Amino acid sequence: AVFQGKGSVAGGTVDLTAVFDLAEAGEGTRVAWKGEAQIFGRLISVAGGLLEPLAKKNVQKLIDGLQAALA
C-alpha cells in the first residue's frame, strides 16, 4: 500500500510518501515500512541539513499514525 501527501510550508512545498509491504512470517504477518519526504523551494537553501532529521521524525510520526489506524 502507498500513502502519498503534498503540503506547503513557509517558502516551499513538501511531497511525502509512505509505503508498506506485507509478507507471511510464520503464523503472522510481517509489515515492512518505508517513508520518504522531499522538500522544494527556498526553505531547503536556508535550512539545508537541519531538515533531514526533522523530515525523518515526521515521516516516522506518519507511519506510527498509519499503523495505529490499521490496528
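The values are calculated or read from the model by the stated rules, or taken from the named source; none is laboratory data. Note that this is a predicted model, so its numbers are computed, not measured. We place every Cβ from the backbone using ideal geometry, glycine too, and count neighbours over all the protein chains shown. Calculation scope for accessible area: heavy atoms of the full protein, side chains included, ligands and nucleic acids excluded. Shrake-Rupley method; radii C 1.70, N 1.55, O 1.52, S 1.80 Å.
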Regarding Phe40, is this residue open to solvent by 70 Å² or more (accessible area, probe 1.4 Å), in a strand (DSSP E or B) and out of contact with any helix residue (DSSP H, G or I) (no Cβ under 6 Å at 6 or more places or on another chain)? yes
Hey, could you check region 11-33 for residues that are part of a strand (DSSP E or B) and among the small types (Gly, Ala, Ser) and say which is farthest from Asp64 (Cα to Cα)? Gly12
From Gly5, Gly35, Gly11, grab the single residue that is over 21 Å from Gln60 (Cβ atoms) and not hydrophobic (A, V, I, L, M, F, W, C). Gly11
